[in-house]
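The values are calculated or read from the model by the stated rules, or taken from the named source; none is laboratory data. Here the structure is a predicted model, which means the values were calculated and not measured. All Cβ positions, glycine included, derive from the backbone under ideal geometry; neighbour counts span all protein chains shown.
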Amino acid sequence: MSIAATRVALLGGIYSNYLALQVALRQIREAGVDAIYCLGDLGAFGPYPDRVFPLLQQYDVQSIQGNYDHSVGHALDDCRCGYTDPRDNHYAQKSYDYTLENTSSAGRTLLRGLPEEIQFEMGRHRVLLCHGSPTKVNEFLWESTTSTHYLNVMLNELGVDCLCATHTGIKWSRHLNDDKCFVNVGVLGRPENDGQTCVWYAILSEHGERPLEIQFVPVAYDFQRLTREMASEGLPEEFQETIMTGWWTTCLESLPAKERKRGRF
Amino acid sequence: MSRAQVRTHLDESVDVGVKEYYFTGGEPFLNPEMVPILIDSLEYGPATVLTNGTVLKERWLEQLAAAEEASCYSLEFRISIDGFCAEQNDPIRGEGTFDRAMEGVALLNEFGFLPIVTAARSWRLEEEERVVDAFLDRLRAAGCQRPRLKILPMLRLGAEETRSSPYAASDRVTRTMLEGYDTSQFICEHSRIVSDRGVHVCPILLEMPDSLLGAKLGDADKSFALKHGACLTCYQHGAICSNPSAGYRAPSSSESTE
């Protein structure tokens, strides 16, 4: 895909958090952008996965396929999130079983048809959107375990100037050689293990000869309502606690040392 | 390897685009330059050191904590043991080594590290939940409020060949087994290990004559035939050497031949 844009909004994993998505899309419409993209994992973790699809359609959001979307779309036996720890996998399975069971056939068809990546241009910058990494949908690109030269070599081989991903659940960005950059856009699905209840998306802006500008935007939403709905759907209390407190209670073993130490658990 | 030798390989790794660095041994902290080597590494990328935890010194940990604090990268400690109690570990690792390793874990926690205790599975699979829960309780009692574990499959190499049994000639990965298999789970698909002899295909096969692929990292980007018994264990379990944060999916039971 090739479109020209000067300002785009990038949404990370939505994880069925349609309440945060609603607020984020309203904010983005008010701010004004050329296009809105979602980097995959539409369902997971939260309640009522089908409530995400009409919002994406209403706001003309173009999505790529995350590991969750691929698994749900093809009704696989697990989410292929990439966890190696039994406790991480235990909760991932609970979340996945609920999401698969509650995603409509039409929703699954949509998920199956999503592209693996999207590429477009912003002025002189070629931008590539992927879910985990361009080589592996469930690769974790954490800030503290991704060397700068790994990204430099990857972007050079791909021939792109800006690479955007999600999957880890925590936003970060890094400027690279030759005005290039990497952005992990964060996620709308759950807070990022910092004790705040807000969630995040990113705005990417082009300003002529200058490097691309990366702005992370917080989204305050009705997290108490989301928690009530998670409870009524029988989703684990541990998930509800994360939404209420901003601290991760699951998926902890996939965190590297630095990111783990910033959390409570 | 000396600090200067390691520095040369770190420099080479920039052009290759290495994502992260692991240090293993023997016991890495028997190298008198290990602390500066780790500090150097954190200038290049994330570092993990696999240690038995029995020789750590407070002044080393003080320096390493400061280096990690100043770096944008994580420094991970992996404490290797061969069982979650002295009765399982000490017959393999030596008398008293389990308690000393636990002292090392507690010391690392005191200095703000969250070590990943790495144990080879020396218990039956059906006992796993009980064994792991008991060990987590022990770690919490020792002051580790956020214990991290990685359980490795037992590799039938070295002393383990005589303790259990060596790989049979039929214990091999076959072409058919690779159909539809996610080969990124093999360590050799995305990693290399550097020793004073050169660059080898993987840490498990280090002593095998065919493991040496070249003198420099840039020479060692060639495919490797999965012809060893240990390749079967890697196939069955996936991601056996990397940290959980690397995120390589463990195979589901349907992909395991166990």
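Condition (residue is over 16 Å from the mean Cα position of the chain (by Cα), more than 14 Å from every other protein chain (Cβ to nearest Cβ) and modelled with pLDDT under 90) applied to the stretch B:244-258: is it met by at least one residue?
Within the stretch B:244-258, one or more residues are over 16 Å from the mean Cα position of the chain (by Cα), more than 14 Å from every other protein chain (Cβ to nearest Cβ) and modelled with pLDDT under 90.
From the list B:Ile92, B:Ile37, which one is away from every other protein chain (no Cβ under 14 Å) and at pLDDT below 95?
None of the others qualify; the one that does is B:Ile92.
Determine whether B:Ser223 is under 16 Å from B:Lys19 (Cβ atoms), modelled with pLDDT under 90 and not charged (D, E, K, R). Talk me through it step by step, then tell me what you get.
Numbers: under 16 Å from B:Lys19 (Cβ atoms): no; modelled with pLDDT under 90: yes; not charged (D, E, K, R): yes.
The answer is no for B:Ser223.
Is it true that A:Gly132 is over 21 Å from A:Asp50 (Cα atoms) and either within 14 Å of another protein chain (Cβ to nearest Cβ) or not in a strand (DSSP E or B) (or both)? Show your work before the answer.
On the way: over 21 Å from A:Asp50 (Cα atoms): yes; either within 14 Å of another protein chain (Cβ to nearest Cβ) or not in a strand (DSSP E or B) (or both): yes.
So A:Gly132 fits the description; yes.
Evaluate the stretch A:158-166: report whether one residue or more is surrounded by 24 or more Cβ atoms within 10 Å (Cβ to Cβ) and farther than 16 Å from A:Ile64 by Cβ.
no
Condition first: surrounded by 14 or more Cβ atoms within 10 Å (Cβ to Cβ) and within 11 Å of chain A (Cβ to nearest Cβ). Now tell me which residues in the stretch B:13-34 satisfy that.
B:Ser13, B:Val14, B:Val16, B:Gly17, B:Val18, B:Lys19, B:Glu20, B:Tyr21
In this structure, does B:Arg172 turn out to be in contact with a Phe, Trp or Tyr (Cβ under 9 Å, 6 or more places away or on another chain) and surrounded by 14 or more Cβ atoms within 10 Å (Cβ to Cβ)? Break it down stepwise before answering.
Values: in contact with a Phe, Trp or Tyr (Cβ under 9 Å, 6 or more places away or on another chain): no; surrounded by 14 or more Cβ atoms within 10 Å (Cβ to Cβ): yes.
It is false that B:Arg172 is in contact with a Phe, Trp or Tyr (Cβ under 9 Å, 6 or more places away or on another chain) and surrounded by 14 or more Cβ atoms within 10 Å (Cβ to Cβ).
Looking at B:Leu178, B:Leu226, B:Leu157, can you tell me which residue is in contact with a helix residue (DSSP H, G or I) (Cβ under 9 Å, 6 or more places away or on another chain) and closer than 30 Å to B:Asn89 by Cα?
B:Leu157
Mind checking whether some residue in the stretch A:88-109 is touching a residue at least 12 places away in the same chain (Cβ under 8 Å), surrounded by fewer than 18 Cβ atoms within 10 Å (Cβ to Cβ), under 19 Å from A:Ile243 (Cβ atoms) and of a type in the set (D, E, K, R)?
yes
Residue check: is B:Leu206 closer than 23 Å to B:Ala169 by Cα, hydrophobic (A, V, I, L, M, F, W, C) and either surrounded by 14 or more Cβ atoms within 10 Å (Cβ to Cβ) or at pLDDT below 90 (or both)?
Yes, satisfied.
What pairs can you find where one residue is in the stretch A:22-37 and on the phi > 0 side of the Ramachandran plot and outside any helix (DSSP H, G or I), the other is modelled with pLDDT of 95 or more and surrounded by fewer than 20 Cβ atoms within 10 Å (Cβ to Cβ), and their Cβ atoms are less than 9 Å apart, with a gap of 6+ or different chains?
From residues that are on the phi > 0 side of the Ramachandran plot and outside any helix (DSSP H, G or I), the pairs are A:Gly32/A:Arg7.
Any idea which of (1) part of a loop (DSSP other than H, G, I, E, B); (2) closer than 20 Å to A:Pro191 by Cβ is the one A:Thr103 doesn't satisfy?
It fails just one condition, (2).
Filter the stretch A:69-87 for residues that are in contact (Cβ under 8 Å) with a residue 12 or more places away in the chain and assigned to a helix (DSSP H, G or I); which is surrounded by the most Cβ atoms within 10 Å (Cβ to Cβ)?
A:Asp69
For the stretch B:112-138, give me each residue that is surrounded by 18 or more Cβ atoms within 10 Å (Cβ to Cβ) and over 20 Å from the mean Cα position of the chain (by Cα).
B:Val131
Scan B:Ser170, B:Ser165, B:Ser191 and give me the residue that is under 28 Å from A:Ala257 (Cα atoms) and either not acidic (Asp, Glu) or not assigned by TED's automatic domain parsing to the domain that holds B:Phe84 (or both).
Answer to the check: B:Ser191.
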